[in-house]
Amino acid sequence: MDISTELEKAINEQIGIEFSASYAYLSMAAYFERNAFDGFAKWMHLQSEEERLHAMKFYQYLIDRGGVARIPSIPAPDWDFESVIKVFEASLEQERDVTRHIYGLYKIAQDESDFATVSFLKWFVDEQVEEEKSVSDMIDKLKMAQGNLDSLLLLDRYAMERKPERQA
């Protein structure tokens, strides 16, 4: 049930990517809290927790397959943004980066005929579709608001209603 050296290395990198995303979302939440956007802050806190949980799924999978978890260091995230929409655009780019890395893992697993890892990664592939859509939808709404403070506050209240993701 051992995992290949290449997949072990790639999964360890993914653990770092997920923790880095969690850290970045926490920084985005802090930005929103500094600017009295409680709903957007809650949204980002939920995102931060989801990414941490994703990192732990990769960690546990690696351990379960006989790999060695080597938690990489992560860089400090951005903490200052120009606007609400810039935060969500940074979030979307981050999700796209996570997606690219997961696809890379999937490709390695396929090339190695590691069907257990392919099966494990399927959930993450589907999850990333949802993640990117969720952020893209918020960006679309923010663009419609076009800086109108009343609309922005309504979207902040809308963001407050977001629920935690389902865990598989």
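The values are calculated or read from the model by the stated rules, or taken from the named source; none is laboratory data. Source: prediction; values computed, not measured. Glycine also receives a Cβ, built like all others from the backbone with ideal geometry; neighbour counts cover every protein chain displayed.
What to note about this one:
- Matching helices (runs of 4 or more DSSP H) fully within region 78-168 where at least 2 residues are under 17 Å from the mean Cα position of the chain (by Cα) and either of a type in the set (D, E, K, R) or at pLDDT 95 or above (or both): 84-111, 115-145
- Output for region 1-12, where each listed residue is within 13 Å of residue 69 (Cβ to Cβ) and surrounded by fewer than 16 Cβ atoms within 10 Å (Cβ to Cβ): 9
- Enumeration of residues in region 14-60 that are without any contact (Cβ under 8 Å) to a residue 12 or more places away in the chain, part of a helix (DSSP H, G or I) and of a type in the set (A, V, I, L, M): 56
- Test for residue 81: is it of a type in the set (Phe, Trp, Tyr), in contact (Cβ under 8 Å) with a residue 24 or more places away in the chain and surrounded by 19 or more Cβ atoms within 10 Å (Cβ to Cβ): no
- Against the conditions (1) under 28 Å from residue 55 (Cβ atoms); (2) surrounded by fewer than 12 Cβ atoms within 10 Å (Cβ to Cβ); (3) of a type in the set (Lys, Arg), residue 143 satisfies every one except (1).
- The residues of region 109-140 that are crowded, with 19+ Cβ neighbours inside 10 Å and among the aliphatic types (A, V, I, L, M), listed by number, are 109, 121, 135, 138.
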